[in-house]
Amino acid sequence: MKKFISWIQKYLVVASPVVLTMVVWSFFQSDSEIRAMNVPLITGLWEVMSWSLILWFACFVTFMVLLVFRKETQEATVKLIAGMKERDEREEVIMGLAARRSFVATTALTLFLLFASCLTLSVARLPDQTIDGKKSSLSIGFHFSGSDTGSHPSSDGKVTFEHHDLPISKTGILLMVLVWQLCSFRMSARKELREA
Amino acid sequence: MTRITANGNIENKIQEKRISRKLTQQDLADAIGVTRATVVALERGAYNPSLELAFRASRFFDVSIEDLFQFKPKHQKGLLK
C-alpha cells in the first residue's frame with residue numbers, strides 16, 4: 001500500500017509538466033484539429049499525453065481521497081506545505097498554532113465571501129414618481145439561493161449602481177480560498193518558527 | 001516575541017546546567033532528542049517543554065524536575081497555595 005501511494009505521489013509530480021503542456025496545447029488546437037492533421041508523430045504524441053492526463057487525473061482523485069481519510073498522507077502533506085519537518089515537539093506545537101491561525105483566517109475569508117455573495121445593493125433613480133420629495137432609492141438586502149439560477153431581485157426605476165453576487169467565477173473563488181489558506185498556513189508557520 | 005506555550009510562569013536552569021557541564025546546545029539537543037532551536041527556546045524561556053521532555057532533560061542532568069524547572073507564577077489569581 002505504501003509503495004502504491006508513493007508511486008501515486010511521484011507520478012503526480014513527474015507527470016505535471018506533461019499535463020501542463022497538454023493544457024497549453026489544447027488552448028491552441030482542439031482534439032479534432034490535431035487528429036485532422038494526420039501526422040502520425042503528432043497524433044501519437046497527443047494520444048500518449050491524453051492517456052497520461054487520464055492516469056494523472058485518476059491519481060489526483062485517489063490522492064485527494066487519501067488526503068481526506070489517511071492520517072499519514074495528511075501529515076506528510078502538511079509538512080510539505082509548511083516547509084517544516086516536525087523534528088520535535090516544539091515544531092509540532094508551531095504547526096498546530098499555524099493550523100489554528102490558518103483555520104481562523106480562512107473562516108474569516110469564507111464568511112466575507114458568503115456575506116458579499118448574499119448582499120444585494122442597488123441605487124436607482126425613480127423617473128416618474130417621488131417618495132417624500134426624493135427621486136432616488138437605495139436598497140440593501142440579502143439574497144440567498146441554494147443554486148445558481150442567475151435571477152436576482154431588481155429595483156424599480158433606472159439603476160445607477162447595482163451589486164449582487166461576487167464578480168469572481170466559482171473557479172476563481174475556489175482558487176482564492178485555496179491560495180489564501182495555503183499562504184496563511186505557511187506564513188504563520190514560518191513566523192512562529194522565526195520568533196519562537 | 002511570541003512565546004509558544006510559555007507564559008513566563010516557569011523558569012528553568014537548563015542553560016546553567018549545560019554550561020556547567022561544558023556542553024554545546026547541539027550536544028544537549030542530541031542528548032534529549034530535540035533540535036538546537038528548541039534548546040535555544042527553552043533557555044530563553046520562550047517554550048515550556050512537555051512533561052516527557054522535562055523528564056528527559058532532568059534525567060540527563062541527573063537532577064529532579066523541580067531542580068531544573070521552577071514554577072514561579074506571576075499571577076496568583078486562581079491558584080491554590
Discussion item. Once you place label points 7 Å from the Cα toward the Cβ at residue A:139 and residue A:112, how far apart are they in nm?
Written reply: 2.8 nm
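With respect to the cross-link table entries A:71/A:170; A:10/A:85; A:10/A:170; A:85/A:191; A:2/A:71; A:2/A:79, which display a Cα-Cα separation exceeding 21 Å?
A:71/A:170; A:10/A:170
For segment B:10-68, with only Lys/Arg (+1) and Asp/Glu (-1) charged at the beta-carbon, what is the dipole magnitude about the Cα centre, in debye rounded to 20?
180 debye
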Fill in: Theoretical FRET efficiency, 1/(1+(r/R0)^6), r = Cβ-Cβ of residue A:176 and residue A:64, R0 22 Å, to 0.05
0.70
Worksheet entry | C-alpha long axis of helix A:170-195 to longest principal axis of chain A, angle in ° | 70 degrees
Worksheet item: How high is the relative contact order of chain A, given as a whole-number percent (alpha carbon pairs under 8 Å, six or more residues apart)?
Response: 21 percent
Discussion item. Place a point 7 Å from Cα of residue A:166 in the direction of its Cβ. Which residues in segment A:172-196 have their backbone N less than 12 Å from it?
Written reply: A:172-181
Practice prompt. For chain A, find the longest principal axis of its Cα atoms and tell me its angle to the long axis of helix A:71-82, 0 to 90°, nearest 10.
Written response: 70 degrees
Fill in: residue A:26 paired with residue B:31, simple spin-label distance in nm, labels 7 Å along Cα-to-beta-carbon
6.1 nm
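A short reminder: the numbers here are calculations on the coordinates, not readings from a lab. None of the values given here were measured: they were computed from a predicted structure. Neighbour counts are summed over all protein chains in view; Cβ atoms, including those assigned to glycine, are modelled from backbone coordinates with ideal geometry.
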